[in-house]
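Down below is the structure, laid out as structure tokens.
Readers should treat all values here as calculations from the given coordinates under stated rules, not as data from a laboratory. For clarity, every value in this text was computed on a predicted model and none was experimentally measured. Using ideal geometry, Cβ is built from the backbone for each residue, glycine included, and neighbour counts are taken over all protein chains shown.
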Amino acid sequence: MACLFSGRVLIRNNSDQDELDTEAELSRRLENRLVLLFFGAGSCPKCQAFAPILRDFFVQLTDEFYVLRAAQLALVYVSQDSTEEQQDLFLRDMPKKWLFLPFEDDLRRDLGRRFSVERLPAVVVLKPSGDVLTLDAADEIRRLGPACFANWQEAAEVLDRSFLLPEDLEDPAPRSLTEPLRRCKYRVDPAARGVRGRGRGGGPRQEGGAEGGAVGLF
């Protein structure tokens, strides 16, 4: 997973804004974790409404106040803000464990094109291998809350840190009766990428209005 950000800098959303700028630091934060890429913008009303939902979702899975052990989950905010001030303001009340790309890094836009992000907000869920688990989990997070993580973890076959699966089984039994269904649900058709509509100018479109219309960002 760290290879997605190889040669780049990720910044922790804490008061010191610690930089993760080595392969070892990136690996420690991202390996064997589900990674959420949160595409949003402070100027997007629906992003403003969704951000507290995503914040609570993340905190309830990673804060020891709620869980005995933090979930194997990382979140990278991929800002689509038009100014660095908007980005900083948007992140001000978000969890300290969130990571984000420097505003001047063009990877912010490149990732939107790579994962065919067409509307904001969007949450791309990546397996530890870097493969896509789901292209947009925003609605699922709204509906199910933290219960999403157990589904994703099983579908992505994330290894729990407290045990290792036996390596001598050629065809291990499913870990639950629902595992095959979850794998099927989160299977992404590679052919579907690149054919989804995009906003004018190649960037994602922010949703606006009660009717669910779309407004071009760029």
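The distance from the alpha carbon centre of the stretch 106-125 to that of the stretch 50-101 is 17 Å, rounded to a whole number. Seen from LEU26, the other residues with C-beta closer than 11 Å to its C-beta sum to a net charge of -2, counting Lys and Arg as +1 and Asp and Glu as -1. Amide H contacts of ARG119: ARG205, each under 5 Å away and 5 or more positions distant or on a separate chain (H built 1.01 Å from N in the peptide plane; Pro and chain starts excluded). Between GLU25 and ARG55, the contour length at 0.36 nm per residue exceeds the alpha carbon distance by 8.5 nm. Take every pair of alpha-carbon atoms less than 8 Å apart whose residues are at least six positions apart; their mean separation over the length of the stretch 1-63 yields a relative contact order of 23 percent. A simple count of charges around THR83, restricted to other residues whose Cβ falls under 13 Å of its Cβ and scoring Lys, Arg +1 and Asp, Glu -1, yields -4.
Each other residue within a Cβ distance under 11 Å of LEU37 adds +1 if Lys or Arg and -1 if Asp or Glu, for a net charge of +1.
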